Structures are given as structure tokens and as C-alpha cells.
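Reading through the C-alpha cells given below for one structure.
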Amino acid sequence: MKKIIIWISGLILVSGVSWAISQDSVKSIELPPIQVELKAGKGKEKVETYCNICHSTDYIIMQPKFSKNKWSEIVNKMIKVYGAPIPEPDVEVIINYLTINYGTK
């Protein structure tokens, strides 16, 4: 009898905890999307097309002024590590755009 009471008490406790946890996970907020306008230049459309798949353009303008080599490393990391679907002919166009507009010349 004592085992049954302990088992039922445990079941009630677990049910109560599960219910409390599920109530906390319902809360959420929704922030409005904020996109900045990238600088005009050759390759802007490619950057907006391929880079915006994974992150906003805000991420691009927040970066320090990288060299062409560093932008190349970053773009290639996005392709190889994160799977960015950038066609080979567009890779150099994107790197040049980022270097000219958001890097060291």
C-alpha cells in the first residue's frame, strides 16, 4: 500500500512539473525585421540574393573593414561550413563587392 501511495504521489508531482514547464514555454515575442540598404555597386544583387538566405544585411555592415583575403575566407567558410548555395562564378563577384564597399581597398 505504501508503494502505491508513493507511486501515485510521484505521478502527480511529475504531471504538475510537466504542466508548469509547458506553460512557461508558450511565451514568445515577435520583433519586426530591420534590413539596411547595402551600398550600390557591382555584385550587390548577388550579395542580397545569396547572403540573405542565412542572415540579414545588418550582419554584413557590422563587420570590420576586412581585406580581400579575409572576405574571401569568410565567403568560402559560408559555402564550405554553412552550406551557402553560392554558384562558383558568383563567389569572386561577392568577394569583390564586399571588399570594395565594406573592406579595405
Read through the list (1) among the hydroxyl-bearing types (Ser, Thr, Tyr); (2) touching a residue at least 40 places away in the same chain (Cβ under 8 Å); (3) exposed (fewer than 14 other Cβ atoms within 10 Å of the Cβ), then give the number of the only condition that residue 97 fails. (3)
Filter segment 38-71 down to residues that are among the charged types (D, E, K, R) and without any contact (Cβ under 8 Å) to a residue 12 or more places away in the chain, then give me how many there are. 2
Yes or no: residue 89 more than 26 Å from residue 33 (Cβ to Cβ) and either under 20 Å from the mean Cα position of the chain (by Cα) or assigned to a helix (DSSP H, G or I) (or both)? yes
Hits in segment 92-105 - residues which are under 20 Å from the mean Cα position of the chain (by Cα) and farther than 19 Å from residue 58 by Cβ: 95
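Each value in this text was obtained by applying a stated rule to the coordinates, not by laboratory testing. Keep in mind it's a predicted model, so treat the numbers as computed, not measured. Note that we place each Cβ from the backbone using ideal geometry, even for glycine, and neighbour counts take in every protein chain shown.
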